[in-house]
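Peer 1: Next up is a structure, given as structure tokens.
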Amino acid sequence: MQYVIYADESEEKGPYFGHFYGGLLVRSPDLPTVLEALKTAKENLRLGGKVKWQKVTSQYLNKYVALMDTFFDLVEQDLIKVRVMFLHRAKNTLTEPTDEKALNRYYLLYYRFLKHAFGLQHSNDDGNPVSVRFYLDRRSGTKDQKAQFRSYIAALEHQPQFRKARIVFPVDQIAEVTVADHNLLQCIDVVLGAMQFRLNDFHKKIPPGEQWRAGRTIAKEKLYLRILARIRAMQPDFNIGISTEINGDPANLWRHRYRHWELVPRESRRVPRGKVKE
């Protein structure tokens, strides 16, 4: 069996939260069912192009709600596991790096997300080896940087927790892909966008010179609220702004269908609220 992980990121800096990384995991036997369900939903809704958070408008709201309902039906059935990681900029900030260091930091945070977010070390009880296939959103970087990044991910299988669980990370199963070609990556883009939108209070934004919020903002808030309702149907007390509790059992890092992770990097520094740089 394989775990197939699709991962995306949004490093846009909001006033409170930034460095959003999102991913979803599907077990290989479930992948055909998942892909067919999303393909059929998009076709029935006539969403032929690329689905993304930035395209949400009042005109398309009902279609996006219906598509995300299909997506969260699959999450609810545990056919998809979803993870979202972010940095609380009002608590911690990272020093502003050069372009090269920014790219290295991007790879470091991505590596951390892939290593920890799904609790893979708790996933394999039967002792048979499980390999992991990664589909990562295409990103700028040199050929050498990308090769080194893939080698770091592949080397995870040598770490004790993954050796014990017999989780392997073949380097030839780590691929960069285009979001437009993968409906699952498009869905995680919408989830990431919704969380970034709400955590940064963009739902309150009023255009300059206007008295009321724009129709697009209202539509996005309605879609966010629908997504939140689907999450809370599974986890009634879910709080989007903090790391999801494991309730005393580390295996819940794997068992939970949907989780958030508030990242506190070692290289960050504490800052008082209201002092975050724009």
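Bear in mind that the values in this text are calculations on the coordinates, not laboratory data. What you see is a predicted model, and the numbers here were worked out from it, not measured in a lab. Note: ideal-geometry Cβ built from the backbone for every residue, glycine included; neighbour counts use all protein chains shown.
Peer 1: Distances longer than 26 Å among the Cα atoms of the chain: what percent of all pairs is that?
Peer 2: 44 percent
Peer 1: Another question, if that's okay. Expected output is a single nm value to one decimal: the length gained when fully extending between Met234 and Arg138, i.e. 0.36 nm times separation in residues minus the C-alpha distance. What is it?
Peer 2: 31.4 nm
Peer 1: Using 7 Å Cα-to-Cβ label points, what is the Asp249/Asp30 separation (nm, one decimal)?
Peer 2: My value for the distance between the label points is 1.7 nm.
Peer 1: OK, next. What is the order of Tyr224, Tyr106, fewest Cβ neighbours within 10 Å to most?
Peer 2: Sorted ascending by nearby Cβ count, the order is Tyr106, Tyr224.
Peer 1: Would you mind working out the magnitude of the charge dipole of segment 177-273 relative to its Cα centre, with +1 at each Lys and Arg C-beta and -1 at each Asp and Glu C-beta, to the nearest 20 Debye?
Peer 2: 260 debye
Peer 1: Listed here are the pairs Lys115/Lys164; Lys50/Lys205; Lys63/Lys204; Lys63/Lys220; Lys63/Lys222; Lys42/Lys204; which of them are more than 18 Å apart at the Cα?
Peer 2: Lys50/Lys205; Lys63/Lys204; Lys42/Lys204
Peer 1: To the nearest 0.05, how large is the calculated FRET efficiency for His122 and Glu43 if R₀ is 25 Å and r is the Cβ-Cβ distance?
Peer 2: Once the sixth-power term is evaluated, E becomes 0.10.
Peer 1: What would the Debye equation give as log₁₀ I(q)/I(0) for segment 60-212 at q = 0.15, 0.17, 0.21 Å⁻¹, counting only Cα atoms as equal point scatterers?
Peer 2: The Cα Debye sum returns log10 ratios of -1.06, -1.27, -1.49.
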